[in-house]
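Undergrad: Mind having a look at this structure? Questions to follow.
The values are calculated or read from the model by the stated rules, or taken from the named source; none is laboratory data. These numbers come from a predicted model, not from an experiment. Methodologically, a virtual Cβ is constructed for each residue, glycine included, from the backbone with ideal geometry; neighbour enumeration extends over all protein chains shown.
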Amino acid sequence: MSIALLPAQFSDLEPFASTWCLASEGERYQQRLASTMQQMQGFYDAMMPRMDEAITYCDTFAYDDLPDDVARLLHLVYSLVMVSFPIEAWKQPNIPDSGAAYLDLLVEPGP
Amino acid sequence: MAKFPKPPEGSWTAHYPELGTEPVSYEDSISPEFFELEREAVFKRSWLNVGRVEQLPRNGSYFTKELAVAKTSVVVVRDMEGKIRAHHNICRHRGNKLVWQDFPREETQGNCRQFQCKYHGWKYELAGDLTFVQQEEEFFDFDKADYGLIPVRCDVWAGFVFVNLADEPSQSLHDFLGPMVTAMEGYPFDQMTERYFYRGTIGSNWKLFMDGFQEFYHAPVLHVRQLPATIGPPSMAMGFEGLHYEINGPHRLVTTYGGQGWRMPDELLKPMEIASRSGLFGPWDQPDIDLNHFPDGVNPANVAPWGLDAFNVFPNFVILIWERGWYLTYHYWPTAANTHVFEGTLYFVPPKSARERVAHEMAAVTFKEYALQDSNTLEATQSMLESRVVSAFPLNDQEILCRHLHKVVGEWVAAYEREQLEEASK
């Protein structure tokens, strides 16, 4: 049994944690581009019904002082936001016709 | 038939008759010769926004700004007296870049008590005076007072830091911004300090991206797939109309409706918009600050339902204020006739909870999805404009601001050329 990355009550989401608990937008965007639609659909279907509960749980802690496992849970929510565009709009990982265009997020807030 | 009222002249464009209504040339966006003139006539003479005061929180805080269009770099600093200043980022000894880290052409920031050149150790106080020269006695007829940093005109309006590369700017910053822009003063920019800063290199002339974001005629078409099938095609069929357009000197404004997700039935929204209570127009729930007493300059025409104001500040700076209580800025920094660096920065009141932060994340991610669609389309435009197969393009009434930008840039370039001729004939 590997060490849990997420709070115990979200242990059902552990299979996605090592892939999608990513602290920066750049990592989340790259993971999206590197994933298949099937992989992202699996994550989306498992995570979407838990999103509200996950945020509510994060907010039982002080926002500016989240324990590591709680911060990872919040990062999982950010990743869900990221994959929602391929799933809900594009039906493909990348933005249609975006070619080699890029926008790097050089400054982003924590946590 | 227009769904929203237009000025008595019958169109927004006719309300500003100096703009004309004829097709417009985009030669100004493909000609390398014109770009060389723009460097001198526009970018070395205008007040350029380079950041916000929050980026200089303490005495000694500094950041550098690469201004490739003017072939210089400036260092902006809050000196030991708390005054915000700018200097050309060059050591007076042998021209080394004074402030940089690891990569000479990349921007940097930090806090220091003085600037020290990496090359031969010359030191400058933050106000610019040269204070130390390595082996000063080896120099000839040398007085440190003659070798201070080269100052750049610098001023602050509403917390936005501007520089002007002219030796003697023809207008103060306040006069340059004029009444339409300065009427925004008092908006709580200073409370919206959570920052998402995006940057990318774009394969088009800088004015093409300004055009892309100063008309929303394209929005229901280019972005139709971002909307649920229940609302995308009807939006496209309806088209777009701005609620208010305004021109003041070289600056311009468009006000639109939009957003209002919290009032929409679920079937018109994406699941993540509902789950995050956020989207393109930002978080549905307003931050916990006073948003009931805006200055008159925000939503100046008092339209309802108000969605956003996009203030295009000449030449390359946009402040976009959203009804829900946040704002973003765009900067378009030319690097050649057919390339520029685009910066998009989103500012929110710092979140007090994870729920607020997730709503901000959704707004930021949505912004990038839209912006990448826009930016890549521009490369397609640039490449065909350069074919010169077509020399003039019809602009409709919703594209009035594009017409104005190209006209103003042309006027500034023409004025510069006249001055050069007068100088030469003296």
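Undergrad: With respect to residue B:176, is the statement that it is farther than 22 Å from residue B:63 by Cα and assigned to a loop (DSSP other than H, G, I, E, B) true?
TA: no
Undergrad: Also, I was wondering about something else. All but one of (1) under 30 Å from residue B:40 (Cβ atoms); (2) surrounded by fewer than 21 Cβ atoms within 10 Å (Cβ to Cβ) hold for residue B:344, so report the exception by its number.
TA: Answer for residue B:344: the failing condition is (2).
Undergrad: Restricting to region B:263-281, name every residue that is more than 14 Å from chain A (Cβ to nearest Cβ) and closer than 23 Å to residue A:90 by Cα.
TA: Passing the criteria: B:264, B:265, B:281.
Undergrad: A further question on this structure: Go through region A:63-90 and give me each residue that's closer than 29 Å to residue B:224 by Cα, facing chain B (nearest Cβ under 7 Å) and of a type outside the set (A, V, I, L, M, F, W, C).
TA: A:78, A:84, A:88
Undergrad: The conditions are (1) in contact with a Lys or Arg (Cβ under 9 Å, 6 or more places away or on another chain); (2) over 18 Å from residue B:123 (Cβ atoms); (3) surrounded by fewer than 22 Cβ atoms within 10 Å (Cβ to Cβ), and residue B:69 fails exactly one of them. Which is it?
TA: (3)
Undergrad: Here is a follow-up. I'd like to check something: does region A:27-36 contain any residue that is under 20 Å from residue B:357 (Cα atoms), in contact with a helix residue (DSSP H, G or I) (Cβ under 8 Å, 6 or more places away or on another chain) and either within 11 Å of another protein chain (Cβ to nearest Cβ) or not in a helix (DSSP H, G or I) (or both)?
TA: Checking region A:27-36: at least one residue is under 20 Å from residue B:357 (Cα atoms), in contact with a helix residue (DSSP H, G or I) (Cβ under 8 Å, 6 or more places away or on another chain) and either within 11 Å of another protein chain (Cβ to nearest Cβ) or not in a helix (DSSP H, G or I) (or both).
Undergrad: I need the full set of residues from region B:391-426 which are more than 25 Å from residue B:14 (Cα to Cα) and free of Cβ contacts under 8 Å to residues at least 60 places away in the same chain, in order please.
TA: Once the filter is applied, which keeps residues that are more than 25 Å from residue B:14 (Cα to Cα) and free of Cβ contacts under 8 Å to residues at least 60 places away in the same chain, region B:391-426 yields B:418, B:419, B:420, B:421, B:422, B:423, B:424, B:425, B:426.
For (1) among the aliphatic types (A, V, I, L, M); (2) more than 20 Å from residue B:361 (Cβ to Cβ); (3) without any contact (Cβ under 8 Å) to a residue 60 or more places away in the chain, each residue gets a yes or a no:
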position	(1), (2), (3)
A:15	no, yes, yes
A:26	no, no, no
A:38	no, yes, yes
A:44	no, no, yes
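Undergrad: Still on this structure, I have one more. Only one residue in B:196, B:217 is in the same structural domain as residue B:286 (by TED's automatic domain parsing), at pLDDT below 95 and surrounded by 16 or more Cβ atoms within 10 Å (Cβ to Cβ). Which one?
TA: Just one listed residue meets the conditions, B:217.
Undergrad: Looking at region B:357-371, which of its residues are within 8 Å of chain A (Cβ to nearest Cβ), more than 12 Å from residue B:280 (Cβ to Cβ) and touching a residue at least 40 places away in the same chain (Cβ under 8 Å)?
TA: B:358, B:360, B:361
Undergrad: Inspect all residues belonging to region B:387-406 and state whether any of them is assigned to a helix (DSSP H, G or I), within 14 Å of another protein chain (Cβ to nearest Cβ), more than 30 Å from residue A:51 (Cβ to Cβ) and among the charged types (D, E, K, R).
TA: So far as region B:387-406 goes, no, none of its residues is assigned to a helix (DSSP H, G or I), within 14 Å of another protein chain (Cβ to nearest Cβ), more than 30 Å from residue A:51 (Cβ to Cβ) and among the charged types (D, E, K, R).
Undergrad: From the set of residues in region A:91-104 that are more than 7 Å from chain B (Cβ to nearest Cβ) and free of Cβ contacts under 8 Å to residues at least 60 places away in the same chain, which is nearest to residue B:108 (Cα to Cα)?
TA: A:100
Matching residues to (1) surrounded by fewer than 18 Cβ atoms within 10 Å (Cβ to Cβ); (2) more than 30 Å from residue B:203 (Cβ to Cβ):
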site	(1), (2)
A:23	yes, yes
A:61	yes, yes
A:65	yes, yes
A:73	no, yes
A:79	no, no
A:88	yes, no
A:105	no, no
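Undergrad: Could you list, in sequence order, the residues of region A:1-13 that are over 14 Å from residue A:79 (Cα atoms) and either of a type in the set (A, V, I, L, M) or away from every other protein chain (no Cβ under 14 Å) (or both)?
TA: Within region A:1-13, A:1, A:2, A:3, A:4, A:5, A:6, A:8, A:9, A:11, A:12 meet the criteria.
Undergrad: Among the residues of region B:171-220, count how many are within 14 Å of another protein chain (Cβ to nearest Cβ) and either touching a Cys at 6+ places or on another chain (Cβ under 7 Å) or farther than 21 Å from residue B:344 by Cβ (or both).
TA: 0
Matching residues to (1) modelled with pLDDT under 95; (2) of a type in the set (S, T, N, Q); (3) at positive phi; (4) assigned by TED's automatic domain parsing to the domain that holds residue B:270:
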residue: B:350; (1), (2), (3), (4): no, no, no, yes
residue: B:355; (1), (2), (3), (4): no, no, no, yes
residue: B:364; (1), (2), (3), (4): no, no, no, yes
residue: B:370; (1), (2), (3), (4): yes, no, no, yes
residue: B:376; (1), (2), (3), (4): yes, yes, no, yes
residue: B:380; (1), (2), (3), (4): yes, no, no, yes
residue: B:386; (1), (2), (3), (4): no, no, no, yes
residue: B:391; (1), (2), (3), (4): yes, yes, no, yes
residue: B:394; (1), (2), (3), (4): no, no, no, yes
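Residue-by-condition table, conditions (1) in contact (Cβ under 8 Å) with a residue 60 or more places away in the chain; (2) in contact with a helix residue (DSSP H, G or I) (Cβ under 8 Å, 6 or more places away or on another chain):
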position	(1), (2)
A:48	no, yes
A:70	yes, yes
A:89	no, yes
A:106	no, no
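Undergrad: Confirm whether residue B:372 is assigned to a helix (DSSP H, G or I), farther than 25 Å from residue B:323 by Cβ and out of contact with any Asp or Glu (no Cβ under 7 Å at 6 or more places or on another chain).
TA: no
Residues checked against (1) within 18 Å of residue B:209 (Cα to Cα); (2) in contact with a strand residue (DSSP E or B) (Cβ under 6 Å, 6 or more places away or on another chain); (3) not acidic (Asp, Glu):
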residue	(1), (2), (3)
B:18	no, no, no
B:27	yes, no, no
B:33	no, no, no
B:69	yes, yes, yes
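A quick yes/no check of all residues on (1) more than 20 Å from the chain's Cα centre (by Cα); (2) within 30 Å of residue B:256 (Cα to Cα); (3) outside any loop (DSSP other than H, G, I, E, B):
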| position | (1), (2), (3) |
| --- | --- |
| B:153 | no, no, yes |
| B:170 | yes, no, no |
| B:195 | no, yes, yes |
| B:198 | no, yes, yes |
